[in-house]
């Protein structure tokens, strides 16, 4: 696959290195208007396509979805990393949107995926959202500005950060940190205890929802500055409630599970 000049210096170099040194196959298959594209029901003139990439596995996989785009990562019995990138463009007319779409480049190489494109404006913009399938034991570095981050079935060191979007984690393990400024935080625990160093999640403006199985062992810290706090845990659990902050030792204790907000409600529930 030729490296196009419009990728820009850094992105072109990333793609070239992938082809020459890692043996990565970039299957840039574009499927226009597929089901994922139809999920966007905007009434503005737009163009959309899904591009697919297959990469060699790495210890840590990085996705940069800035400036606009969400990220979903699913871990499983994968031997490679498979990336689906939904590229969407909007403009005054469908023809202009299609032309803008062709200017957006997605570079995938050396354990990293990112997009590059022209500057947007009031009547024209583009975004790239990602669905990534990785081996279960994979570290993650995920970043966005306007988009949520969703991770399930992955065990590894994870750093997750977005500005306008929620964080949703389910069946994860390892050392996990996550930050958002405007968005909810949801953590769905499984098993009987956390496998790894622990988890630290924080939002400034948004709710926190923790789902904790029965007979789960952990040290749980959650709370809010401005908002309500609700729990359906039995009152026989030993814990300490300080204002709107809750510290609980569940079962025999264990790694710390921390999820807090500044402006938003908190709920601690059974699945």
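The values are calculated or read from the model by the stated rules, or taken from the named source; none is laboratory data. Computed from a predicted model, the values in this text were never measured in an experiment. A quick note on method: Cβ atoms are made from the backbone with ideal geometry, for glycine too, and the neighbour counts reach across all protein chains shown.
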- Hey, among 161, 114, 78, 186, which residue is part of a loop (DSSP other than H, G, I, E, B) and either in contact with a strand residue (DSSP E or B) (Cβ under 6 Å, 6 or more places away or on another chain) or at pLDDT 95 or above (or both)? 78
- Over segment 142-155, the set of residues within 12 Å of residue 176 (Cβ to Cβ) and surrounded by fewer than 22 Cβ atoms within 10 Å (Cβ to Cβ) is 155
- Message: Can you tell me how many residues within segment 164-182 are surrounded by 22 or more Cβ atoms within 10 Å (Cβ to Cβ), over 20 Å from residue 75 (Cα atoms) and without any contact (Cβ under 8 Å) to a residue 60 or more places away in the chain?
- Response: 1
- Checked segment 120-137 for anything closer than 17 Å to residue 64 by Cβ and in a loop (DSSP other than H, G, I, E, B); matches are 120
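Please count how many residues of segment 138-158 are assigned to a strand (DSSP E or B) and in contact (Cβ under 8 Å) with a residue 24 or more places away in the chain.
Quick first cut of segment 138-158, residues assigned to a strand (DSSP E or B) only: 139-143, 146, 149-152, 155, 158.
When the remaining residues are screened for being in contact (Cβ under 8 Å) with a residue 24 or more places away in the chain, the result is 139-143, 146, 149-152, 155.
Within segment 138-158, residues that are assigned to a strand (DSSP E or B) and in contact (Cβ under 8 Å) with a residue 24 or more places away in the chain number 11.
Say we look at segment 221-236 and pick out the residues that are assigned to a strand (DSSP E or B) and modelled with pLDDT under 90; which of these is nearest to residue 206 (Cα to Cα)?
Filtering segment 221-236 down to residues assigned to a strand (DSSP E or B) leaves 221-223, 226, 229-231.
Checking the rest, the ones that are also modelled with pLDDT under 90 come to 229-231.
Working: 229: 13, 230: 15, 231: 17 Å.
My answer is 229.
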- Single condition residue 125 does not satisfy, out of (1) out of contact with any strand residue (DSSP E or B) (no Cβ under 6 Å at 6 or more places or on another chain); (2) modelled with pLDDT under 95; (3) buried (at least 17 other Cβ atoms within 10 Å of the Cβ): (1)
- Item | Residue satisfying all of: in segment 189-202; in a strand (DSSP E or B) and free of Cβ contacts under 8 Å to residues at least 60 places away in the same chain; nearest to residue 261 (Cα to Cα) among these | 202
- Please go through segment 81-101 and pick out each residue that is surrounded by fewer than 16 Cβ atoms within 10 Å (Cβ to Cβ) and part of a helix (DSSP H, G or I). 94, 95, 99
- Residues in segment 240-269 that are surrounded by fewer than 15 Cβ atoms within 10 Å (Cβ to Cβ) and at pLDDT below 90: how many? 4
